[in-house]
Amino acid sequence: MRLIVADDSLLLREGISRLLVEAGFQVVGLAATAEEALRQVAQQEPDVAIVDIKMPPTHTDEGLRAAREIRTRHPGVGVLVLSQYVELGLAARLLAENAAGLGYLLKDRITDLGEFAAAVRRVGAGGSALDPAIVSQLLARRREDSALDRITAREREVLALMAEGYSNQAIADRLVITVRAVEKHVTSIFDRLGVPATTDSHRRVLAVLAFLRS
Amino acid sequence: MSRRVDAVLVVAGALVAGGLAVALTATSDHEGLRVVGHPQSPVFVLLIGWSFIGSGLVAWRDPRSGRFGALMMAVGFAWFAASLEASGDPLLFSIGRVIAPLWIGIFLHALLSFPTGRLESAAARWVVGAYYLDVTVIQLAWVLFADVEGFPGCEECPANLFLVADNPALARAILIVEQPVVGVLALGSALVLLVLRWRAATAPLRRALAPVLTSGGICVLILLVTILVEPFSPATGRVVGWLGGVAFTAVPLAFLTGLLLRRLDRSSVGDLVVELGETAAPPDLRGALSRALHDPSLQIAYWLAHNDSYVDSDGRPIVLPPAGGASASTMVEHGGRRVAAVVHDASLLQDPGLIRAVCAAAGLALANARLQAELRARLDDLRESRTRIVEAGQAERRRLERDLHDGAQQRLLSVALGLRLVEVRLAGHPAEADHVARWRSELERSLEELREVAHGIHPAVLTDHGLAVALETVVARSAVPVRLSVDADGRLPEAVEATAYYLVSEALTNTAKHARAAKATVQVVRRGELLLVEVTDDGIGGADIARGSGLRGLADRVAAVEGRFTVTSPAGGGTSIKAEIPCV
């Protein structure tokens, strides 16, 4: 898979790209600014652009805007937004229209190379990746209705992985159960929570996110 | 003393001159010249002469209007002197003929120099000079060449002793120069000057000038009409002339009325004392002083001892007007201490007694009001410095967070990445790789803690992405279920966002800790220039700003950005915390 890495810190840019190379990816471009990232994407048409959310000049939301622009101009390029803090509100806004080929992860996740590589591959394949911290925050959130109490602990696990963007196969692999079992859990979850069922893993992310935020 | 002796002499002179004038006019054997306003009725003769001399005497005794008084008296004596033309004696008659119109010249001089007796403008000096020339030199020239037959209405007059040559054509030409030309020009200009002066005058000045300028202006107008009408219709001229006589008597009366008005102004000081005496701090002190001095522009500038400056009653700074301008200031002291300056129309300085009396009457009230104004000014200072302190604290926290993010957090993260890389390279040495992995996870926990610390110092998401995004995490972390609605497009000023953010997070923390609530609502709405923030729960209520230091802190934060903060928390009825924060 061909990647470009955009981060204004040289140390992090190099570190991220070397780890990704170690994980078997091909890093075809490095960028220190949002503009450069856009240029690299246009030239290289990578599978995934990994973009730091804080970039010059104001170090606020330049990365976010670059991510949106890449998605509009190059719908075939997946975008993985990295940040030193992850925010629920930001995730919701970022994924709002279309979660396909989009990821939003805490930058620290990259040290867990296996998970991180899986997330990059998901995004590169048109799926989604939502940081576990956001998902666990959403699941821990106190709610007025008790719908979440109606599902089992196992279903909760499946729900969390669904929200992070895992496919049924990936969930099955992770939980060491059969895909058939995962499908049963998923149907049960949608039933009990009253979420409209969908098989597309990235649409599922949105549906679950919408339910958990409400 | 000498002024008193002089006054006695003036009175004696006026009596003698008046007597002679009446005697001359009453015994006159000829109709004589009707110089404007000089019908030969003894009553008019005495009335006009004595009223000018009398009111002139009154004015003369006050040093500030002494010159004007002298001019008024001169008008009166010149008026009596004009009666010489009624004499049957050729010499007296001839002298009277020459000096008959002189009093009008002096009158014009007095009118244009009211109230100081000095002609302040070059234009006025030119007009008065020209008119003096007209009624003296040109009048004499006319007398030199006109025989009595040439004098209108003077068929039975005695001989003109000053006649050089009887030249009716020349006499008529001179008369035309004297009256319709120079006379009309000078009187017309004088009228224009009076009108200009009136229009330029401020309200208090108009009040002082009104009686004399109005009656004097009417006199000048009548003189003009008489000069223009008499040659065509002697009968009309006679009527207008009689009207002029009435008008002239009005001028000294008007002057005396003005004096009386001033005395009445002093009595309004009495009203002021009564008005101010009723309360220690009258609500409208400025209005009371303004009424007493008849100066709508009046301002009170309270003195601030700590920085020797002046402020108005709301504590806003005032700069005193420089000397010599359209407004002036009078210092007010009370109990030996400076209290305030009254800023008023400069014309009021002409009656310093009145200003002094008003300021003295208002001294105590002004001293009380000054304390209030000083308090307000200090409160303003305090409010501004509190806002500055809060903003400086906010900026400092933001800087700290950013330093952590750009510095320690990035570096530690890159070290973690480096360690991870080492682990990959140590794939063939599981024991060593395991060691490194343990250090790395320690490092990652430190990073997590550091992230929490940085977020606690300042939520970067607030600066980077605004209030709506930042509040979503606050609400998600709340231990009580929260319904959040934010209706405020775009970014707001930093201080406003920070205040609203801390208000919501602190209020939700309180709810979780104390309210025993089942749910809470957070509403953030922008209404024009206000951001309305409301946090409501269905808990046990009973929250009190006075007791909870958290609430106290919130109230302070909102106050620091000039906002309004209210807590409604009846026992058992839930708690509602509301803030209105101005978005400027």
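The values are calculated or read from the model by the stated rules, or taken from the named source; none is laboratory data. Small disclaimer: the values here were computed from a predicted structure and weren't measured. With ideal geometry, Cβ positions are generated from the backbone for all residues, glycine too; neighbour counts draw on all protein chains shown.
A few remarks follow.
- Within the stretch B:282-311, being part of a loop (DSSP other than H, G, I, E, B) and either buried (at least 17 other Cβ atoms within 10 Å of the Cβ) or touching a Cys at 6+ places or on another chain (Cβ under 8 Å) (or both) holds for B:P282, B:H294, B:D295, B:L298.
- Every residue from the stretch A:40-73 that is over 20 Å from B:A460 (Cα atoms) and within 16 Å of the chain's Cα centre (by Cα): A:D47, A:V48, A:A49, A:I50, A:R68, A:I70, A:R71
- Only listed residue being in a helix (DSSP H, G or I) and of a type in the set (S, T, Y), chosen from B:S329, B:S347: B:S347
- Residue tally, condition basic (K, R), within 13 Å of chain B (Cβ to nearest Cβ) and out of contact with any strand residue (DSSP E or B) (no Cβ under 6 Å at 6 or more places or on another chain), over the stretch A:98-124: 1
- For the stretch B:295-304, the condition of being over 14 Å from B:A369 (Cα atoms) and of a type in the set (A, V, I, L, M) holds for at least one residue.
- Any hit, the stretch B:287-306, residues being small (G, A, S) and in contact with a Phe, Trp or Tyr (Cβ under 9 Å, 6 or more places away or on another chain): yes
- The listed residue being in a helix (DSSP H, G or I), away from chain A (no Cβ under 12 Å) and either among the basic types (K, R) or touching a residue at least 12 places away in the same chain (Cβ under 8 Å) (or both), out of B:V390, B:V422, B:V415: B:V390
- Condition check for B:A488: of a type in the set (G, A, S) and within 13 Å of chain A (Cβ to nearest Cβ): no
- Looking only at residues in the stretch A:1-14 that are within 20 Å of the chain's Cα centre (by Cα) and within 15 Å of B:R420 (Cα to Cα), the one that is farthest from the other protein chains (Cβ to nearest Cβ) is A:R13.
- Residue within the stretch B:81-100 that is out of contact with any Ser or Thr (no Cβ under 7 Å at 6 or more places or on another chain), under 11 Å from B:P252 (Cβ atoms) and either touching a residue at least 60 places away in the same chain (Cβ under 8 Å) or surrounded by 18 or more Cβ atoms within 10 Å (Cβ to Cβ) (or both) present: no
- The set of residues from the stretch B:456-487 being within 15 Å of B:R402 (Cα to Cα) and in contact (Cβ under 8 Å) with a residue 40 or more places away in the chain comprises B:I457, B:H458, B:P459, B:A460, B:T463.
- Considered as a group, the residues in the stretch B:1-32 that are surrounded by fewer than 20 Cβ atoms within 10 Å (Cβ to Cβ) and part of a loop (DSSP other than H, G, I, E, B) include one that is modelled with the lowest pLDDT, and that residue is B:M1.
- Single condition B:V504 does not satisfy, out of (1) in a strand (DSSP E or B); (2) at pLDDT 95 or above: (1)
- Residue count for the stretch A:73-95, restricted to those that are assigned to a helix (DSSP H, G or I) and either over 23 Å from A:D8 (Cα atoms) or within 14 Å of another protein chain (Cβ to nearest Cβ) (or both): 8
- Scope the stretch A:23-69; condition of a type in the set (G, A, S), more than 10 Å from chain B (Cβ to nearest Cβ), in contact with a Leu (Cβ under 9 Å, 6 or more places away or on another chain) and outside any helix (DSSP H, G or I); matching residues: A:G29, A:A31, A:A32, A:A49
- Residues (of a type in the set (S, T, Y) and crowded, with 18+ Cβ neighbours inside 10 Å) located in the stretch A:127-166: A:S128, A:Y166
- Selection status of A:S136, over 27 Å from A:L20 (Cβ atoms), of a type in the set (S, T, N, Q) and within 11 Å of chain B (Cβ to nearest Cβ): no
- Just one of the listed residues (A:A37, A:A31, A:A91) is within 19 Å of B:T463 (Cβ to Cβ), surrounded by 19 or more Cβ atoms within 10 Å (Cβ to Cβ) and not basic (K, R), and it is A:A91.
- The conditions of being in contact with a helix residue (DSSP H, G or I) (Cβ under 7 Å, 6 or more places away or on another chain), away from chain A (no Cβ under 11 Å), in contact (Cβ under 8 Å) with a residue 24 or more places away in the chain and farther than 30 Å from B:Y501 by Cα are not met by B:A373.
- Which numbered condition A:L20 fails, given (1) in contact with a Gly (Cβ under 8 Å, 6 or more places away or on another chain); (2) within 14 Å of chain B (Cβ to nearest Cβ): (1)
- Per-region count, the stretch B:491-513, residues more than 13 Å from every other protein chain (Cβ to nearest Cβ), over 19 Å from B:G393 (Cβ atoms) and surrounded by fewer than 18 Cβ atoms within 10 Å (Cβ to Cβ): 2
- Of the residues making up the stretch B:436-456, not a single one is touching a Pro at 6+ places or on another chain (Cβ under 9 Å), buried (at least 17 other Cβ atoms within 10 Å of the Cβ), assigned to a helix (DSSP H, G or I) and small (G, A, S).
- Annotation: of all residues in the stretch B:437-473 being more than 10 Å from chain A (Cβ to nearest Cβ) and among the small types (G, A, S), the one that is farthest from the chain's Cα centre (by Cα) is B:S446.
- Residues that are of a type in the set (S, T, N, Q) and in contact with a helix residue (DSSP H, G or I) (Cβ under 7 Å, 6 or more places away or on another chain) were ranked within the stretch A:64-117; the one that is farthest from A:A170 (Cα to Cα) is A:Q84.
- Residue count, the stretch B:203-223 (criterion: farther than 16 Å from B:G258 by Cβ and surrounded by fewer than 19 Cβ atoms within 10 Å (Cβ to Cβ)): 1
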